[in-house]
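Below is one structure, written out as structure tokens; comments come after it.
The values are calculated or read from the model by the stated rules, or taken from the named source; none is laboratory data. This is a predicted model, so every value here is computed, not measured. No Cβ is skipped: glycine too gets one built from the backbone with ideal geometry, and neighbour counts run over all protein chains shown.
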Amino acid sequence: MIFIMGFLESAILLGAVIGIVAYLTWLERKFSGRMQSRIGPYLVGRPHGWLQPIADGLKLISKEDIVPAKADGLLFNFAPAWILVVSLLGFAFLPITANWVLVNMDLGLLYFTAFGSLIVIGVFTSGWASNNKYALLSSLRSAAQIVAYEVPLLFSLLVPAILAGSLDFMDIIRAQKGYWFITFPVIGQISFLIFLLASLAESNRMPFDLSEAESELVAGFSIEYSGMKFAYFYLGEYVHLLAVSLLVSILFFGGPLGPILPGGVWITIKTMAVFLGILWIRWSFLRVRIDQLMMFNWKILTPVSFIVLLLAGLWVNLKAGM
Amino acid sequence: MAKKVSKIRLVEAIIFSLWITLKNLFKRPVTVQYPIERRPIPERWRAGTFALTTDKETGEENCIGCKLCERICPSDIIIVELEKHSGRGWAKSFVLDLQACIQCELCVQVCPTDAIVMLRGMATPVARREDFILDKKKLMENEELFEAAWATGIKLQKLHEPQKAGEKS
Amino acid sequence: MEGYVEERIIEREFGELALNMGPQHPSTHGVFRMKLHLRGETVVNVVPDIGYLHRGVEKLSETLDYDMLPPVYERDDYLCPTANSLAFVLAVEKLASIEVPRRASYLRVITAELQRIASHLVAIGTFGLDLGGSMGGGTTLFLYCFRDREKVLDLMESLTGTRFHTNMNQIGGVRYDLYPDFAKEVMELKQYLEKLVDDYRSMLETNPIFLERTRNVGIVTQELAKEFGASGPVIRATGIPYDIRRSKPYSAYGEFEFNIPLGTIGDVFDRYLVRILEISESLSIVSQALEGLPEGPVNSRKPLKSALLLKPPKGAEAYGAVESPRGELGVFVVSDGTSKPYRLKLRSPSFSNLALISEILPGNLVADAVAILGSLDPVFGDVDR
């Protein structure tokens, strides 16, 4: 019985996430269009292009599935599926309202980071299996980038855990009942910024999206994919972004806590605000180069995240001592 | 220009870029949704198709078959045949291939009788390539299609006459 | 197959990755093929390959009359059409000793400077695309620049009838005259663009990402620029003040006051800075020209009837050069007494500027390679002619 309930719950969550993610692509196109003095999609499903994601999905499904002759068949097909599945798995541990989590682990934060860092396998497998120099260059770049940015990501993730005293998401939410973690004087804001930048680098978003740089390496590691497999890369990236926005709103902005409205509504508002902020950053900045990216990580982000972590530990000890 | 920029200016620049995109988010987009809305065509627009005109008073064709437009066209798209009767020349046939036209207006500038004009309208698409090759009948019909452009032959020639200085159209 | 074998040889013998940024690429500014030899991400050698857009313009012009040629030459460097036809018309006027009325010279200056603004806006917009990619902040800069360029093109459309290949220049003067509201519209455009240029400059010049991508990248020294015959913003960014409008003034440029923006070290940032400062200078030249516009005819030859075809003296040669947005664009004409030229040679600025990449590209990363190519601003209609 519990098995069937769990199955139903996970099916509903899966469907909801994929549906929301499809409409997040519509939101991005409209939002970026308005920022560039133009209208986004508007013809399919007038007047605002509501049906555009469905039209895109139908188009991509109906395309011919081309596998290059010299590509490694098994790995070629495995990579996009891996990316989508692993990104979706991260959702299993995130609370959606104040009381409902699909899988309530007491080490929820740790599991989330573990699944988040498995994505890199899909990225460089697709680059290798495509048998294409552009894909190889881009997947090497992105493997280096993702693995490097995990260090500040983890350290800045640990700051709310230390301030709350546990790795469980429910405890972290409960610990923010008085004031949100972002309002802590130096620790909260800096660790929020570091976490945001590191997650942007992890999901290959601007200004760190060198691996899909369309002006240098045309489409990067997804260059040889056509049809629905290409859509999987795209969807996987947006699912990861949605998970990251949800995570940021839980860890730093208090999640479902808020004065009047129910928890589900607050968490939606906060997640959407963070997501829009990520879009805004993408469409305003130019791209950094690979060596500047690495320098930014190892020389600036990592030391600062160390210091912030130490400060957070110091603060908790001082508070416990008083 | 290799001076060091202070850290405050760097942060300020980042915030300024974000501010510019945010400002544009709330302004009206500049897109004109063609073909539902169309932009106004300016007065001197000339890139429509061509037409052969007729004299307003007598109703005769203006073209005297002098073949000057055929001579001057850089892309060689005009072919004219001359016949003389009734005291003046006429164009027996006049074929203009619109596919290769580079819209240079030299044929209009050369014409002594304002016979060939470019039209002030948007070029209309056709369904077959053969429809781009305009014969004399189609060119005479085109006169009803749009109004003629601002620059006709005689007007352009008047602009160039060195004696009539100061006369502007 | 031959390219494939060549790549395998390079990889086996030298241990370098042979990457082909082929003729179809989102950021090579046209049809241009670069064969890069990479070691990791660093470019070790580059072999450029041009000729994909060769249309045989020089041979074609031996079969057309002089009066038919200005519209043909506008297609040569397709981002600044009036500069090309102006160069040709200046050369032929020297050849046949034709005087141009003063009003026509001023009108030529106005249209040339407006096209310079449009061309520099394209250069900056596509530079943003190269740096930031077509999915991100670069697209935002690109779309803003093109939205502003539309205003300049609307002005050209109201004046001449077509937006771009305007066929304004003719032998002996210009074809059209102004309409009464022209000065007012130009003043509105000037106010709009000046504010925007300030916005772009403060958005980009202190932006840390932009500075890191463009400072000290692709440095062209003064000796290198002189050796390769570079001209235009490329040589002015190195510090040498070579501008044909100042050194050999043509067509009434000697009567205007303008500054020549110079760079200091000749990197990508300096080239961008020279271009954006030139936009402000062009606006000031246009307003000076409009204030001092003399009365008079716009063309000094009799109206164009083919009975009066131009027949320059036999054996005469002339060279006319203009400062196009890319550099020194020159036309050398030789006549043999008939109404068709005997030989025409185009000196194209993009060809000489592009030759610099074999010197400045090696040693940089792939990302910088694209930025450097974009900053040299080649137009392949001009390189291949």
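For first residues located in region A:166-194 and under 20 Å from A:Phe112 (Cβ atoms), partners that are surrounded by fewer than 18 Cβ atoms within 10 Å (Cβ to Cβ) and among the charged types (D, E, K, R) and lie 6+ apart or on another chain with Cβ distances below 8 Å form the pairs A:Ser166/A:Asp106; A:Leu167/A:Asp106; A:Asp168/A:Asp106.
Okay, residues lined up against (1) over 24 Å from the mean Cα position of the chain (by Cα); (2) polar (S, T, N, Q):
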site: C:Glu278; (1), (2): no, no
site: C:Gly296; (1), (2): yes, no
site: C:Ala316; (1), (2): yes, no
site: C:Tyr319; (1), (2): no, no
site: C:Glu323; (1), (2): no, no
site: C:Ser350; (1), (2): no, yes
site: C:Asp382; (1), (2): no, no
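Close contacts from region B:6-18, counting a first residue that is more than 7 Å from every other protein chain (Cβ to nearest Cβ) and a second that is part of a helix (DSSP H, G or I) and modelled with pLDDT of 75 or more, with Cβ to Cβ under 6 Å and a gap of 6+ residues or different chains, come to none at all.
Looking only at region A:135-163, residues that are of a type in the set (Ser, Thr, Tyr), touching a Gly at 6+ places or on another chain (Cβ under 7 Å) and either within 30 Å of A:Arg174 (Cα to Cα) or within 12 Å of chain C (Cβ to nearest Cβ) (or both) come to 1 in all. Would you call C:Thr206 touching a helix residue (DSSP H, G or I) at 6+ places or on another chain (Cβ under 8 Å), β-branched (Val, Ile, Thr) and within 9 Å of chain B (Cβ to nearest Cβ)? Spelling it out, C:Thr206 is indeed touching a helix residue (DSSP H, G or I) at 6+ places or on another chain (Cβ under 8 Å), β-branched (Val, Ile, Thr) and within 9 Å of chain B (Cβ to nearest Cβ).
Look at (1) within 14 Å of chain C (Cβ to nearest Cβ); (2) touching a Leu at 6+ places or on another chain (Cβ under 8 Å) and you find that A:Glu237 fails only one, number (2). Residues in region A:210-237 that are of a type in the set (A, V, I, L, M, F, W, C), at pLDDT 75 or above and not in a helix (DSSP H, G or I): A:Ile223 only. Listed by position, the helices (runs of 4 or more DSSP H) enclosed by region A:32-133 that each have at least 1 residues that are within 14 Å of chain C (Cβ to nearest Cβ) and over 21 Å from A:Gly19 (Cα atoms) are A:119-129.
Taken residue by residue, region C:317-329 has at least one member that is touching a residue at least 24 places away in the same chain (Cβ under 8 Å), more than 30 Å from C:Gly266 (Cα to Cα) and surrounded by fewer than 23 Cβ atoms within 10 Å (Cβ to Cβ). Within region B:42-92, the residues that satisfy the criterion of being aliphatic (A, V, I, L, M), within 17 Å of B:Asp114 (Cβ to Cβ) and in contact (Cβ under 8 Å) with a residue 40 or more places away in the chain are B:Ala51, B:Leu52, B:Ile64, B:Leu68, B:Ala91.
Residues that are within 14 Å of chain B (Cβ to nearest Cβ), among the hydroxyl-bearing types (Ser, Thr, Tyr), surrounded by 15 or more Cβ atoms within 10 Å (Cβ to Cβ) and within 30 Å of C:Leu365 (Cα to Cα): does region C:185-203 have at least one? So far as region C:185-203 goes, yes, one or more of its residues are within 14 Å of chain B (Cβ to nearest Cβ), among the hydroxyl-bearing types (Ser, Thr, Tyr), surrounded by 15 or more Cβ atoms within 10 Å (Cβ to Cβ) and within 30 Å of C:Leu365 (Cα to Cα).
Go through region A:260-290 and give me each residue that's of a type in the set (A, V, I, L, M) and either at positive phi or within 14 Å of chain C (Cβ to nearest Cβ) (or both).
Answer for region A:260-290, where residues must be of a type in the set (A, V, I, L, M) and either at positive phi or within 14 Å of chain C (Cβ to nearest Cβ) (or both): A:Ile278, A:Leu279, A:Ile281, A:Leu286, A:Val288, A:Ile290.
Look at (1) out of contact with any Pro (no Cβ under 8 Å at 6 or more places or on another chain); (2) within 14 Å of chain B (Cβ to nearest Cβ); (3) closer than 30 Å to C:Val333 by Cβ and you find that C:Ser300 fails only one, number (1).
All of (1) buried (at least 16 other Cβ atoms within 10 Å of the Cβ); (2) farther than 20 Å from C:Thr166 by Cβ; (3) within 13 Å of chain C (Cβ to nearest Cβ) hold for B:Leu96 with one exception: (3). Only one of the listed residues (C:Lys94, C:Lys35) is modelled with pLDDT under 85 and among the basic types (Lys, Arg). That residue is C:Lys35. As for region B:66-81, it holds no residue that is away from chain C (no Cβ under 14 Å), surrounded by 16 or more Cβ atoms within 10 Å (Cβ to Cβ) and either assigned to a strand (DSSP E or B) or touching a Phe, Trp or Tyr at 6+ places or on another chain (Cβ under 8 Å) (or both). Here the condition is being free of Cβ contacts under 8 Å to residues at least 60 places away in the same chain and not in a helix (DSSP H, G or I); of C:Arg163, C:Arg147, it holds for C:Arg163 alone. Report yes if some residue within region A:96-117 is over 18 Å from the mean Cα position of the chain (by Cα), of a type in the set (A, V, I, L, M) and more than 23 Å from A:Asp168 (Cβ to Cβ); otherwise report no. No: zero hits. If you go through region C:230-275, how many residues are over 16 Å from C:His120 (Cα atoms), of a type in the set (Phe, Trp, Tyr) and outside any loop (DSSP other than H, G, I, E, B)? Residues that pass the stated criteria total 1. Among the residues making up region C:120-135, those that are assigned to a helix (DSSP H, G or I) and either within 14 Å of chain A (Cβ to nearest Cβ) or farther than 25 Å from C:Leu211 by Cβ (or both) are C:Ile124, C:Gly125, C:Thr126, C:Phe127, C:Gly128, C:Leu129, C:Asp130, C:Leu131, C:Gly132. With the structure loaded, tell me whether B:Lys23 is free of Cβ contacts under 8 Å to residues at least 40 places away in the same chain, part of a loop (DSSP other than H, G, I, E, B) and charged (D, E, K, R) or whether it fails that test. Answer is no for this residue. Remark: C:Phe269 matches the filter, which requires a residue to be in contact with a Lys or Arg (Cβ under 6 Å, 6 or more places away or on another chain), within 14 Å of chain B (Cβ to nearest Cβ) and of a type outside the set (S, T, N, Q). For region A:275-308, the tally of residues that are over 27 Å from C:Asp130 (Cβ atoms) and surrounded by 20 or more Cβ atoms within 10 Å (Cβ to Cβ) stands at 3. Within region C:362-385, the set of residues being more than 9 Å from every other protein chain (Cβ to nearest Cβ) and farther than 27 Å from C:Cys80 by Cα comprises C:Pro362, C:Gly363, C:Asn364. When A:Leu24, A:Leu107, A:Leu60 are screened for being in contact (Cβ under 8 Å) with a residue 40 or more places away in the chain, out of contact with any Ser or Thr (no Cβ under 6 Å at 6 or more places or on another chain) and buried (at least 18 other Cβ atoms within 10 Å of the Cβ), only A:Leu24 passes. Just one residue in the set C:Pro233, C:Pro249, C:Pro241 is more than 11 Å from every other protein chain (Cβ to nearest Cβ) and either touching a residue at least 24 places away in the same chain (Cβ under 8 Å) or in contact with a strand residue (DSSP E or B) (Cβ under 7 Å, 6 or more places away or on another chain) (or both); that residue is C:Pro233. Every listed requirement among (1) part of a loop (DSSP other than H, G, I, E, B); (2) more than 10 Å from chain C (Cβ to nearest Cβ); (3) touching a strand residue (DSSP E or B) at 6+ places or on another chain (Cβ under 8 Å) is met by B:Arg46 save one, (2).
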